[in-house]
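First the structure, in the form of structure tokens, and then the observations on it.
The values are calculated or read from the model by the stated rules, or taken from the named source; none is laboratory data. The shown structure was predicted, so the numbers you read here are calculated from the model rather than taken from an experiment. Here the Cβ positions follow ideal geometry from the backbone for every residue, glycine too, while neighbour counts run over all protein chains shown. Heavy atoms of the whole protein, side chains included, go into the accessibility calculation; ligands, DNA and RNA do not. Shrake-Rupley method; radii C 1.70, N 1.55, O 1.52, S 1.80 Å.
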Amino acid sequence: MDVRVSTRDVRQFDGDAVAVGVFSDDTEPQGPAAALDEAMAGVIAGLIAAGEITGAADEVTLLHTLGKIEPERVVVVGLGARARFTPDRVRRVAAIACRTLRKAGARRVGLALAGAEFGVNLAQVARAATEGALMGLYEFTKYKSSKNGNGADGERDGGARRRQIESITILGRGREPALREAVERGQIMAEATNFARDLGNEPPNVLTPTELAERARRMAQEVGLECEIFGPDRMRALGMGALLGVAQGSAQEPRFIILRHRGGPANEPGPAFVGKGITFDTGGISIKPAEGMQAMKMDMCGAAAVIGAMRAIARLKPAINVTGIVPTTENMPDGNAYRPGDILRALNGKTIEIVNTDAEGRLILADALSYAVQQGMAPLVDAATLTGAIVVALGKVRAGLFSNDDLLQRTVLSASEIAGEKFWPMPMDAEYDALIKSDVADMKQTGGRAGGAIAAAKVLSNFAGETAWAHLDIAGVNDRDKKDAEGDSGATGFGVRTFAEIATLLAERNGAR
Ligand code: BES
Ligand code: ZN
Ligand code: ZN
């Protein structure tokens, strides 16, 4: 997608459609909406006066300009109350506007959501508008045949034949370099998010552990990251008994993917971002019910978030070393599969009593966290579609945040606010340790239904040890069940932008040291 910036008056935009915003407390159009209104003989003011445009959040009004200005269409989007105007709102509204205009056949779209006269930070708004536009327009159509894939519905349901928006112009009346920088950052973030969504949406017969590693390697080459990939022999030599235990039931070989961004001193290990990469989770011998099992192709969305974030980091170039680590395997039932009752030994020497082979994510992360600790990396942040329990607790709005370190927890929350991704801090009291006490091994893998997401985090904490660590349980927020005004159904790429912002904050903190 071609993304441009213009600081000229919205009336001079020469594309074929333009979006402007109206607040619910406006009694007449303001900023770019006022400028367009003037050029269009007061039609927007008239619709506000008539109560047809209310400015309510997400409201969409499509107007035809009938030759009065260059663009053929103007979409007026509701921004909600002025007092509640945030970058989140802009992101959402930009997505809605672009999706509306794509449906209407527009190719060159201007977004005039960013007016300094709105009394908001123009750079923040411009960045959010860029992200919203690019993420809102994302589609996963590679498996839809262009001619008769879905019959006559090919166009309406997002078939590859649909007309596409070719360029987005962010229109803002402000300092151009600042605007340009903000839009560029938004573009990097959105493209990395969409890259992660592509990985999440791939079917599990295509995106095997080997293929995930290949895609990471190709991406690394493209953007200038170092990439190292371990196979089962190397895992055995290192002692990754937990990852190998999960992998032994699969015909597909596991992989251990390492991506390195070098932006700091050579001798500084720097932080590690770790992502759960189960390319398909059947549950193994403790097999899952058939209904809904297809969603478990997305059990690698933590991995996708890390790989996507590393792509963004390679382009943003923070002055810090960052390592992305992805353990990846399938979880399958088989004659060779691991069993409930088995005891596995992880890379750091600790033993885990298996209770339920469907709790596989914490096992592969155990080896990955141990590896990062062994390499001296700190702090550690992992992302994983780890538990159904976090979906019960937080639904599909916020991800769970667990940590053994207050400063890191605050850093993650600050990063997530800048990124526009929502988390909720979860408890890690010592009393919860009892959940995973085992009679036969160093720990039990699960603690039953009560506090399920916390028990999982407690298992992980055993492998982070004394190293500052945070765990993002992104089950639930990693995919959208149904397409809505803001985006298509499928993988959301959740976590990419928070990870990238964490790297930025850590680099800034180093710089201030
Ligand atoms: N991948 C699942 C968690 C999950 C559930 C992700 C729903 C996305 C949506 C994980 O491997 C799993 O199956 N966890 C079990 C753990 C239990 C057996 C202790 C769960 O949450 O039920
Ligand atoms: Zn599972
Ligand atoms: Zn899983």
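Considering the stretch 377-393 alone, what residues qualify as being away from ligand 3 (no atom under 16 Å from the Cβ), under 21 Å from V274 (Cβ atoms) and open to solvent by 10 Å² or more (accessible area, probe 1.4 Å)? Step through it out loud before you land on a result.
Initial filter on the stretch 377-393 (away from ligand 3 (no atom under 16 Å from the Cβ)): 377-381, 393.
With the extra rule that they be under 21 Å from V274 (Cβ atoms), the set shrinks to 377-381.
Correct list: M377, A378, P379.
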Worksheet, complete the sentence: Considering residues that are away from ligand 1 (no atom under 16 Å from the Cβ) and either outside the structural domain of L407 (by TED's automatic domain parsing) or more than 17 Å from S250 (Cα to Cα) (or both), the number found within the stretch 336-383 is 21
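What number of residues within the stretch 291-302 satisfy the criterion of being under 29 Å from I502 (Cα atoms) and away from ligand 1 (no atom under 12 Å from the Cβ)? Reasoning before the result, please.
At the first step, the residues of the stretch 291-302 found to be under 29 Å from I502 (Cα atoms) are 295-302.
Narrowing the set further to residues that are away from ligand 1 (no atom under 12 Å from the Cβ) leaves none.
Selection size over the stretch 291-302: 0.
For the stretch 395-513, which helices (runs of 4 or more DSSP H) that fit wholly inside it have 1 or more residues that are aromatic (F, W, Y)? Quick ask: steps written out before the conclusion?
On the way: elements: 406-419, 452-464, 496-512.
Where helices (runs of 4 or more DSSP H) fall fully within the stretch 395-513 and carry at least 1 residues being aromatic (F, W, Y), they are 452-464, 496-512.
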Worksheet item: Given the residues A346, A384, which is the only one that is within 16 Å of ligand 2 (Cβ to nearest atom) and at pLDDT 95 or above?
Response: A384
Discussion item. Let me confirm something: among D481, D473, which residue is in the same structural domain as A309 (by TED's automatic domain parsing), open to solvent by 10 Å² or more (accessible area, probe 1.4 Å) and closer than 30 Å to D58 by Cα?
Written reply: D481
Item to complete: Check off (1) open to solvent by 10 Å² or more (accessible area, probe 1.4 Å); (2) within 23 Å of the chain's Cα centre (by Cα) for L207 and give me the number that stays unchecked.
Response: (1)
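Test of understanding: among L66, L47, which residue is hydrophobic (A, V, I, L, M, F, W, C), out of contact with any helix residue (DSSP H, G or I) (no Cβ under 8 Å at 6 or more places or on another chain) and modelled with pLDDT under 95?
On the way: L47 fails: modelled with pLDDT under 95.
Answer to the check: L66.
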Worksheet entry | Tally, over the stretch 426-468, of residues that are buried (at least 17 other Cβ atoms within 10 Å of the Cβ), among the basic types (K, R) and more than 28 Å from the chain's Cα centre (by Cα) | 1
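Given the structure, is A83 within 29 Å of the chain's Cα centre (by Cα), surrounded by fewer than 20 Cβ atoms within 10 Å (Cβ to Cβ) and over 20 Å from E486 (Cα atoms)? Show your work before the answer.
Details: within 29 Å of the chain's Cα centre (by Cα): yes; surrounded by fewer than 20 Cβ atoms within 10 Å (Cβ to Cβ): yes; over 20 Å from E486 (Cα atoms): yes.
Considered against the rule, which asks whether it is within 29 Å of the chain's Cα centre (by Cα), surrounded by fewer than 20 Cβ atoms within 10 Å (Cβ to Cβ) and over 20 Å from E486 (Cα atoms), A83 comes out as yes.
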Worksheet item: Can you pull out the residues in the stretch 262-310 that are away from ligand 3 (no atom under 14 Å from the Cβ) and under 18 Å from V373 (Cα atoms)?
Response: A266, N267, E268, P269, G270, P271, A272, F273, V274, V306
Response to the item:
Contact list, first residue from the stretch 28-43 and under 15 Å from R82 (Cβ atoms), second anywhere and surrounded by fewer than 23 Cβ atoms within 10 Å (Cβ to Cβ), beta-carbon distance below 7 Å, six or more apart or interchain, is E28/A45; E28/I48; P29/A45; P29/I48; Q30/E117; G31/E117; G31/F118
Item to complete: Inspect all residues belonging to the stretch 263-280 and state whether any of them is open to solvent by 10 Å² or more (accessible area, probe 1.4 Å), within 16 Å of ligand 2 (Cβ to nearest atom) and assigned by TED's automatic domain parsing to the domain that holds L199.
Response: yes
